[in-house]
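**Student:** Let me give you the structure first, and then I'll get to my questions.
The values are calculated or read from the model by the stated rules, or taken from the named source; none is laboratory data. Everything numeric here is computed off the predicted structure, so don't read it as measured data. Note that we place each Cβ from the backbone using ideal geometry, even for glycine, and neighbour counts take in every protein chain shown. The protein model used for the area step is the full one, side chains on, heavy atoms only, and it has no ligands, DNA or RNA in it. Shrake-Rupley method; radii C 1.70, N 1.55, O 1.52, S 1.80 Å.
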Amino acid sequence: MRQCRIQKLVEREALGIDEIKELSPLSKTYIIPHIQLRSKRYGLILYNKYRRNGAEVEANSFRQSLEAAGFSVIKFEWKDATGLMAIIEDVVATLSTGCSLLLVSLMSHGSRGMLGASNGESVPVNHILQRINHSLPPYVPLVSGYS
């Protein structure tokens, strides 16, 4: 019964982050409002230029696309695993307290679930996802994918 009332509220109201935080512990599912008028969308673009000519142009183009879609965007160049993890921890923890949607884009060469850093080390994608998940509050869903 309670879940049904929450679902109706999610479908009919433009919920903000404060309402989502309040409803989250009462729901069995993530609270994702159908009406996105009060949502705060952020994009985090993390790119690596190592052996990637045009990486900065590509990151800027993606930034423009996200901004056109209504996202506030933060863009960082990363060079090594330590720096990448520090950026993720700082930025995600700061943004997640007031965001409804966080899109994280990692731009780098790599293979088999690993990203290549400028210093030659490999960074496991799973470690990055775990760091993002650890930095997010429990009411923000984590959906992952990579190619």
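**Student:** If the only charges are +1 at each Lys and Arg Cβ and -1 at each Asp and Glu Cβ, what is the size of the charge dipole of the stretch 8-129 around the Cα centre, to the nearest 20 debye?
**Tutor:** For this selection, approximately 280 debye.
**Student:** Would you calculate the separation in nanometres between label points at Ala68 and Leu26, each defined as 7 Å from the Cα along the Cα-to-beta-carbon direction?
**Tutor:** So the two model labels end up 4.0 nm from each other.
**Student:** What percentage of the solvent-accessible surface of the stretch 65-127, computed with a 1.4 Å probe over protein heavy atoms, is contributed by carbon and sulfur atoms?
**Tutor:** Summing carbon and sulfur atoms, their accessible area is 52 percent of the total for the stretch 65-127.
**Student:** Which angle from 0 to 90°, rounded to the nearest 10, does the C-alpha axis of helix 2-12 make with the longest principal axis of the chain?
**Tutor:** Around 70 degrees separate the two axes.
**Student:** With a probe of 1.4 Å, find how much accessible area the chain has per residue, and write the answer as a whole number in Å².
**Tutor:** Here the per-residue accessible area is 61 Å².
**Student:** Going by amide H atoms built from the backbone, whose H comes under 5 Å of the H on Lys79, apart from near neighbours?
**Tutor:** Leu84
**Student:** Now a separate question. Using only Cα atoms, find the angle between the long axis of helix 125-135 and the longest principal axis of the chain, and express it within 0 to 90 degrees, rounded to the nearest 10.
**Tutor:** That works out to roughly 40 degrees.
**Student:** Provide the gained length on full extension for the span Thr97 to Arg52, in nm with one decimal, where the gain is 0.36 nm per separating residue minus the Cα-Cα distance.
**Tutor:** Using 0.36 nm per residue and subtracting the Cα-Cα distance, I get 12.9 nm.
**Student:** Mind ranking 96-107, 68-79 by how tightly packed they are, going by the mean number of other C-beta atoms within 10 angstrom, highest first?
**Tutor:** 96-107, 68-79
**Student:** Can you give the relative contact order of the chain as a percent, counting alpha carbon pairs under 8 Å and 6+ residues apart?
**Tutor:** 25 percent
**Student:** For Met1 and His134 in the same chain, what is the full-extension length gain: residue separation times 0.36 nm, less their Cα-Cα distance, in nm?
**Tutor:** Between Met1 and His134, full extension yields 44.7 nm more.
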